[in-house]
Amino acid sequence: MLADVRMLIKASVGYEVQDIDLPVLSYIYSDVEQHIKNDCNVAEIPEGLQTVLDELTAGKFLALQKGVILAADGLDVVKSIREGDTTVEIGGTTPEQRYDALVQVLTRERDLSCYRKFRW
């Protein structure tokens, strides 16, 4: 859901998604959602892939809006991300380096094959 993506972006870099950003965010969300559906050959996003959809959408949005977000005052890029028992440390000493590392973590390649259905 877009609300979860907005929350993830806010928690990751402190950027509050504006109403003017919503058409772009919605477009990215729909694009990533369709990609996952096509890759897995499913009509609906499996529950286990909802966080993948949210993270990929947030990562692509952050990559697209890098200039705007880095120019915003109060930028505070996270230094680590925790998913369950896994913690990922974001490298880099400058906010821009940490920002780029965060985008790479959020948009990393995922294994969707366990959700894939055969086409007959």
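Can you work out the FRET efficiency for the pair Ala43 and Phe118, with r the C-beta to C-beta distance and R0 = 25 Å, to the nearest 0.05? With a Förster radius of 25 Å, E is 0.95. When the Cα centres of segment 1-70 and segment 95-111 are compared, how far apart do they sit, in Å? Taking the Cα centre of each part, segment 1-70 and segment 95-111 sit 14 Å apart. Candidate cross-link partners of Lys37 among the aspartates and glutamates, defined by an alpha-carbon separation under 17 Å and a same-chain spacing of 8 or more, comprise Glu47, Asp54, Glu55, Glu109, Asp111. Between Thr94, Leu62, Leu25, the Cα set farthest toward the positive side of the dipole of segment 2-115 (charges on each charged residue's Cβ, about the Cα centre) is that of Thr94.
Once C-alpha pairs closer than 8 Å and six or more residues apart are averaged by separation and normalised to the residue number of the chain, the relative contact order reads 31 percent. Highest mean first, the peptides 13-23, 100-110 sorted by other C-beta atoms within 10 Å per residue fall in the order 100-110, 13-23. For segment 2-115, the Kirkwood estimate of hydrodynamic radius, built from reciprocal distances between every pair of different alpha carbons, is 14.6 Å.
None of the figures in this text is laboratory data; all of them are computed from the coordinates on show. Quick caveat: nothing in here was measured; it's all calculated off a predicted structure. Virtual Cβ from ideal backbone geometry, glycine too; neighbours counted across all protein chains shown.
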